[in-house]
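In what follows, a single structure is set out as structure tokens and then discussed.
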Amino acid sequence: MDHPYRSQPAKAYWKETVTPYHPQDVPDWYEKRFSLEGARIATAGSCFAQQLGRNLRESGFRYLDVEPAPEGLPVALHRDYGYALYSARYGNVYTTRQLIQLIQRALGQFTPTETHWEKDGGVVDPFRPTIEPEPYGSVAELQVLQRDHLEHVVEMFHEQDVFVFTMGMTEAWLSRHDGAAFPLCPGTAGGVYDDTKYRFHNLNSVEVRADMEASIAALRAINPKLKILLTVSPVAIMATATDQQVAVANAYSKSLLRTVAGELYDAHDFIDYFPSYEMITAPFMKGYFLAPTQREVAPAGVAFVMAQFMAQHQPPTAMRRAEGPAATPAPRPLPTRRAPPAPRQDAGDLALDDVKCDEEILAAFGPPKD
């Protein structure tokens with residue numbers, strides 16, 4: 001009897017693609033939808049996006065950095081001051097609401113009423129409160145630097161050929177006055193929390209899709225040929241403001257974001273999806289690539305994810321060496337013990353503390369210890 005499954009390739013079958021392979025040798029994770037060759041690439045998103053950007057830059061891609069560190073600032077301080085994390089100094093963009101509002105603020109379409117948060121005798125930018133290690137001396141200084149930053153963001157919009165966005169979470173803190181979305185809960189990295197001024201909101205799938213469609217439309221109005229590559233961060237949320245257990249809340253966020261990413265991929269042929277989330281969190285990976293906290297991705301995991309990416313998007317440095325694409329590995333027996341062996345680390349490691357995650361500030365606000 002004939003039916004559609006007869007014509008499906010091997011990668012469509014679990015027993016052909018997963019069961020016979022060692023977890024690190026499972027093939028066919030990703031097939032690129034478009035080439036990155038010669039493209040000017042910009043990145044934004046949650047903290048895992050920093051790993052993607054760093055690897056793209058170090059591999060010789062045309063990675064955009066429209067807001068580079070000033071001369072004289074030691075390289076060891078670049079991250080502390082928000083340089084070289086992304087293509088501009090917007091810090092972590094955890095939610096889709098932050099993304100669309102960043103675009104609107106940069107284009108002069110939205111001016112939030114919240115101009116600053118007070119902190120330690122100075123002021124910080126509510127929309128990137130940890131971008132520098134110390135507060136600004138005055139609101140005037142903050143506003144000058146904020147205007148300059150947003151001008152650089154517009155420059156990025158005009159120069160980028162490919163925009164890589166890592167979707168991080170659905171939990172957002174909003175202004176009750178105008179709906180402005182903050183990267184962190186007011187009162188954690190500046191300002192004072194006031195329930196009459198701020199509210200928690202867990203974005204639903206309709207809202208996330210609407211935010212993304214609006215962001216895509218705005219960016220492609222500037223560059224109609226813009227291509228977009230989406231990922232979902234495999235890094236779990238640090239804490240939840242819902243009444244759910246944190247792992248349950250994390251599953252809601254990630255599954256919703258993954259669903260919307262899939263919808264966008266199906267709806268637009270200029271959007272690609274790279275499954276970094278699945279590579280780290282798939283059940284058969286057995287936590288291979290998680291750090292001891294079971295939340296962050298270990299350096300070997302970053303190397304594994306990027307190896308899958310580079311197998312499809314051959315780095316310019318490798319092309320210059322005329323190296324061919326990696327061959328699909330042959331199946332090998334699964335480990336005989338329940339716990340898999342330690343991950344191979346032959347692709348080079350990056351220290352976990354090379355990533356700046358503002359969300360970790362929340363760890364200081366946990367329940368009191370006995």
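Find, among the GluC sites (Glu not before Pro) in segment 1-70, those assigned to loop by DSSP (not H, G, I, E, B) with at most 16 other beta-carbon atoms within 10 angstrom.
GLU31, GLU37
Just report the Cα centroid separation between segment 157-195 and segment 96-156, whole Å.
Going from one Cα centre to the other spans 11 Å.
Under the rule of at least 5 residues apart or a separate chain, name every residue whose amide H is placed under 5 Å from the amide H of ALA172.
Amide H neighbours of ALA172, under 5 Å, 5+ apart: HIS201, ASN202, LEU203.
Have a look at LEU257, GLY45, MET169 and report the one farthest towards the positive end of the charge dipole of the chain, computed about the Cα centre with Cβ charges (Lys/Arg +1, Asp/Glu -1).
LEU257
Calculate, for the chain, the solvent-accessible area per residue in square angstrom, rolling a 1.4 angstrom probe over the heavy atoms of the protein chains.
Working: 17940 Å² over 370 residues.
Value returned for the chain: 48 Å² of accessible area per residue.
Strictly under 4.7 angstrom between C-beta atoms: which cysteines of the chain have no such partner?
CYS185
Out of the total accessible area of the chain (probe 1.4 Å, heavy atoms of protein only), what percent is carbon and sulfur? Each step should come with its number before you reach the end.
Details: 9530 of 17940 Å².
Reported share for carbon and sulfur atoms: 53 percent.
DSSP loop (so not H, G, I, E, B), at most 15 other Cβ within 10 Å: list which chymotrypsin sites (Phe, Trp or Tyr not before Pro) in segment 176-236 pass both filters.
Qualifying residues, ordered by number: TYR193.
Roughly how much of THR115 is accessible, in Å² to the nearest 10, using a 1.4 Å probe?
That residue has around 50 Å² of solvent-accessible surface.
Run the numbers on segment 1-121 and let me know its relative contact order in percent, using alpha-carbon pairs under 8 Å that are six or more apart. Kindly include the intermediate steps, with their values, before the conclusion.
Numbers: 87 pairs, mean separation 22.9, N = 121.
Reported as a whole number, the value is 19 percent.
When only Cα pairs under 8 Å and 6 or more residues apart are kept, what is the percent relative contact order across the chain?
Taking the mean separation of contacting Cα pairs over the length of the chain, I get 21 percent.
If contacts are Cα pairs under 8 angstrom and at least 6 residues apart, what is the relative contact order of segment 22-93 in percent?
For segment 22-93, the relative contact order is 33 percent.
Add -39500 (n - 2.57) for each DSSP H run of 4 or more in the chain, then divide by its residues: what number comes out at 222 nm, to the nearest 500 deg cm²/dmol? Intermediate values should be presented prior to the final figure.
Working: 9 runs with 112 residues, N = 370.
Taking each H run of at least 4 residues, the total per residue is -9500 deg cm²/dmol.
Pop the C-beta distance of ALA221 and ASP178 into the FRET formula with R0 = 22 Å and round what comes out to the nearest 0.05.
My answer for the efficiency is 0.45.
Let's test this: bin the Cα-Cα distances of the chain at 20 Å from zero up to the farthest pair and state each bin's percent.
27, 58, 14, 1
The values are calculated or read from the model by the stated rules, or taken from the named source; none is laboratory data. Note that the structure is a prediction, hence the values are computed from the model and not measured. Every residue, glycine as well, gets a Cβ built from its backbone with ideal geometry; the counts of neighbours run over all protein chains shown. In case anyone asks, the SASA skips ligands and DNA or RNA and just uses the protein heavy atoms, side chains included. Shrake-Rupley method; radii C 1.70, N 1.55, O 1.52, S 1.80 Å.
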